[in-house]
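Input: a single structure, listed below in structure tokens.
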Amino acid sequence: MLLSVCAAACWVVSCANMASPNGGPYDENPPRFLRSTPALHQTGYTGKKIEIVFDELVQIEKPSENVIVTPPQKNLPVIRAAGKKVIVELKDTLQPDITYTIDFTSSISDNNEKNALENFSFAFATGDQLDSLEISGILLNARNLEPMPGVLVGLHENLSDTAFTKLPFYRTSKTNDRGKFTIRNIATGMYRLYALNDANRDYRFDQPGEEIAFLDSVIVPTFVPATRQDTIWKDTVTVDSVRTVDYTRFLPDDVLLRLFKEKFQRQYMLRPERSLDKLFTLKFNAPVDTLPQVELTDEPERTDWCLAQPADSGRSVHYWITDSLVWQRDTIYVKVTYPKSDSLNIPQPQTDTVRLTLRKAPAKSRRKKKDEPEPIEHLTFKVSLSGKANVFDRLSVTFPEPVTDLSDTVFHLEQKQDTLWIPAPFTFRQDSIDLLMFNLDREWKYEEEYRLAIDSAAITSIYGKQNDAYQTAFTMRKRDEYGHLYLNIPDVAQPAFVQLLNKNDAPIRQATVKEGGALFMNLNPDTYYARIILDMNENGEWDTGNYAEKRPPEEVFYSPKAYQVFENFEITETWNVYDTPVSGQKPMEITKNKPKDVTKKKRNYKDESRQRTNRSSGSGFGGVGSPLGF
């Protein structure tokens, strides 16, 4: 009898395990449009409320940012999800005889699995005709070809140059996470196309700090009949059939816009800092052309109490206080006269009184021994080279505070030849950016050995500190430790330069294109990327554009290939700059604005069922908590 009960119990548990549910399949499909009021593409509709019904519960992600209503609305519409509905309530008076488009981009998704309905838009017309033309393209950062997501792209039917700055867009859209855009429901005609990172949401370029893009040619939307190949899949790996499908191709569909910010900065002073008792710094939003005038409020006639040194390419000025009676004050009041932009962005003299307070760190107390002499505080400095050095490195000496009467005679640079050390000539100069740095320039060669010596008390700072004796040695690396890369660039005839980039898309070398190529010698073994800048003014740097002058930014192109440089290798590569479309040039490895992964991970039903079965089996037979207690 007992055996029969046990057998029956085991059979019940076994059946329960076999029937263990796996939770059902994931919903991997986005919501499906069913119906709407007004109907999709309805004409003659003058109501302000639109209801769109889907086949499941839906939600809208950030509707005020992601949903674009065209023509642009002065008053923001109310956009919300309610169960299976999306409801849009327009607050502006509808214009007669015009097509309205509500572009939801990819903001609508189902309520549970967040499957997004990609590129969904809804259109209706207040007149008796629905406009149906489209244009599409891509928006890239002009400087580094990054795809620019979430940027407004718009059309003007007014072809005047001032329309972009005075009037709101006629029709608009926004770029997706890949920088791509489509402007829908356009009427037949001629248009100007722009992109605008609209800071104040007024659909016009009226803020100098806004990023923009523009085409110098007129857009004429059109269409042609076309065919495409559609693949029908039996499952995820097996093709069922391939069929040819007729469709309408709207043109242009390959517009390239390059987003840039004009060179514009208002001039004003940032918060001053007093980081040391002898040093205070004035910082500015933009580089200053002339040194600000500073004077003590209690001694306005004095001019010998501090030494000014520009820094950070003119954005900062360091003031070294040379009078001990001044630097010993905890708080100093200084009157500063500097250029500040007025309402028309014209620099005007501005005088402010600033309070400079030194925040002292707690001093470490140490009991002085009897008859112990006062410690000597030497002038310290940093030398850039020691040990192994690269032939492209610079020998520089950097001080923590200004020095007086420094000349090349205090530096003893020698080169080892055989067993002898022979004086090595060099060019000595103060660095143009960091005035506390001094460069000892010399052309280095492979495997050369050098030593640098500085006698004690040879250098004196403005505070009377002197250096201790110093010596260092360094050796240049061997030729076979480097690789060399020559890029043959046959299709660029205008002035240009090439930048080699690291894996962070940061330039580490630059070379001018000469005789159809760019040479990079003495590269450390690594993976490099490259971009070329068409340097129209030949100033050796990338220049942004200007809308008022109708001057686009200088063009940038990326090599789609990564260049692997090895030790003791000389590599020659041919780079045809125009072979690859600009939108597909930048390697994904160094692209920062990578597109979102819109493909959800597939659910593994077999593994899930097996895991559930194992868990049920473990708890059903002889385990802790077994209902039979075995």
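The values are calculated or read from the model by the stated rules, or taken from the named source; none is laboratory data. Please read these numbers as outputs of a predicted model, since none were measured by experiment. Heads up, the Cβs are rebuilt from the backbone with ideal geometry, glycines too, and the neighbour counts pull from every protein chain shown. Calculation scope for accessible area: heavy atoms of the full protein, side chains included, ligands and nucleic acids excluded. Shrake-Rupley method; radii C 1.70, N 1.55, O 1.52, S 1.80 Å.
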message: Suppose we filter the stretch 94-140 for residues that are assigned to a loop (DSSP other than H, G, I, E, B), at pLDDT 95 or above and closer than 20 Å to Glu65 by Cα; how many remain?
response: 0
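Conditions tested, residue by residue: (1) out of contact with any Lys or Arg (no Cβ under 8 Å at 6 or more places or on another chain); (2) of a type in the set (Gly, Ala, Ser).
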| position | (1), (2) |
| --- | --- |
| Asp230 | no, no |
| Asp235 | yes, no |
| Val255 | yes, no |
| Phe260 | no, no |
| Gln293 | yes, no |
| Pro300 | no, no |
| Ala311 | yes, yes |
| Gly314 | yes, yes |
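Matching residues to (1) touching a Leu at 6+ places or on another chain (Cβ under 8 Å); (2) of a type in the set (Gly, Ala, Ser); (3) in contact (Cβ under 8 Å) with a residue 24 or more places away in the chain; (4) surrounded by fewer than 18 Cβ atoms within 10 Å (Cβ to Cβ):
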site	(1), (2), (3), (4)
Ile489	no, no, yes, no
Val498	yes, no, yes, no
Ala506	no, yes, no, yes
Thr512	no, no, yes, yes
Ala518	yes, yes, yes, no
Asn524	no, no, yes, yes
field: Residue tally, condition in contact with an Asp or Glu (Cβ under 7 Å, 6 or more places away or on another chain) and not in a loop (DSSP other than H, G, I, E, B), over the stretch 41-69
entry: 3
statement: For strands (runs of 3 or more DSSP E) lying entirely in the stretch 404-506, having 2 or more residues that are more than 31 Å from the chain's Cα centre (by Cα) and modelled with pLDDT of 95 or more picks out 412-417, 420-423, 427-430, 437-441, 449-454, 470-476
- prompt: For Asn176, all conditions in the list (1) touching a Gly at 6+ places or on another chain (Cβ under 9 Å); (2) polar (S, T, N, Q); (3) at pLDDT 95 or above hold save one; what is the number of the exception?
  reply: (3)
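Taking the residues in the stretch 152-175 that are assigned to a helix (DSSP H, G or I) and open to solvent by 30 Å² or more (accessible area, probe 1.4 Å) as candidates, determine which candidate is nearest to Asn197 (Cα to Cα).
Step one: filter the stretch 152-175 for residues assigned to a helix (DSSP H, G or I), giving 163-166.
Still in the running and open to solvent by 30 Å² or more (accessible area, probe 1.4 Å): 165-166.
Values: Thr165: 13, Lys166: 16 Å.
So the residue we want is Thr165.
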The lone exception for Pro38 - which of (1) out of contact with any Phe, Trp or Tyr (no Cβ under 7 Å at 6 or more places or on another chain); (2) at pLDDT 95 or above it fails: (1)
- prompt: Which pairs have Cβ atoms under 6 Å, sit 6 or more apart or on different chains, and link a residue in the stretch 373-400 that is more than 15 Å from Gln471 (Cα to Cα) and at pLDDT below 95 to one that is of a type in the set (Asp, Glu) and open to solvent by 70 Å² or more (accessible area, probe 1.4 Å)?
  reply: His378/Asp468
field: Which listed residue, of Thr172, Thr222, Thr244, Thr182, is without any contact (Cβ under 8 Å) to a residue 60 or more places away in the chain and among the polar types (S, T, N, Q)
entry: Thr244
- prompt: Given the structure, is Tyr547 more than 18 Å from the chain's Cα centre (by Cα), modelled with pLDDT of 95 or more and open to solvent by less than 80 Å² (accessible area, probe 1.4 Å)?
  reply: yes
Candidate set: the stretch 195-236, residues that are of a type in the set (Gly, Ala, Ser) and assigned to a strand (DSSP E or B); chosen: the one surrounded by the most Cβ atoms within 10 Å (Cβ to Cβ): Ala195
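Conditions tested, residue by residue: (1) modelled with pLDDT of 90 or more; (2) hydroxyl-bearing (Ser, Thr, Tyr); (3) open to solvent by 60 Å² or more (accessible area, probe 1.4 Å).
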{"position": "Glu273", "(1), (2), (3)": "yes, no, yes"}
{"position": "Lys283", "(1), (2), (3)": "yes, no, yes"}
{"position": "Asp289", "(1), (2), (3)": "no, no, yes"}
{"position": "Ala308", "(1), (2), (3)": "yes, no, no"}
{"position": "Val326", "(1), (2), (3)": "yes, no, no"}
{"position": "Tyr338", "(1), (2), (3)": "yes, yes, no"}
{"position": "Asp352", "(1), (2), (3)": "yes, no, no"}
{"position": "Lys360", "(1), (2), (3)": "no, no, yes"}
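For the stretch 518-530, indicate whether the set of residues that are of a type in the set (Gly, Ala, Ser), over 20 Å from the mean Cα position of the chain (by Cα) and either farther than 29 Å from Arg479 by Cα or in a loop (DSSP other than H, G, I, E, B) (or both) is non-empty. Can you show your working first?
Going residue by residue through the stretch 518-530, those that are of a type in the set (Gly, Ala, Ser) are 518, 530.
Next, from what is left, pick out any that are over 20 Å from the mean Cα position of the chain (by Cα): 518.
Of the ones still in play, those that are also either farther than 29 Å from Arg479 by Cα or in a loop (DSSP other than H, G, I, E, B) (or both) are none.
No.
Regarding Tyr446, is this residue over 30 Å from Ser313 (Cβ atoms) and open to solvent by less than 20 Å² (accessible area, probe 1.4 Å)? It would help to see each step written out before you state the result.
Values: over 30 Å from Ser313 (Cβ atoms): yes; open to solvent by less than 20 Å² (accessible area, probe 1.4 Å): no.
The answer is no for Tyr446.
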task: Confirm whether Gln348 is out of contact with any helix residue (DSSP H, G or I) (no Cβ under 8 Å at 6 or more places or on another chain), surrounded by fewer than 14 Cβ atoms within 10 Å (Cβ to Cβ) and of a type outside the set (Ser, Thr, Tyr).
output: yes
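Condition (residue is under 24 Å from Asn522 (Cα atoms) and free of Cβ contacts under 8 Å to residues at least 60 places away in the same chain) applied to the stretch 401-412: is it met by at least one residue?
The initial filter retains those residues of the stretch 401-412 that are under 24 Å from Asn522 (Cα atoms), namely none.
The answer is no, given that none of the residues of the stretch 401-412 is under 24 Å from Asn522 (Cα atoms) and free of Cβ contacts under 8 Å to residues at least 60 places away in the same chain.
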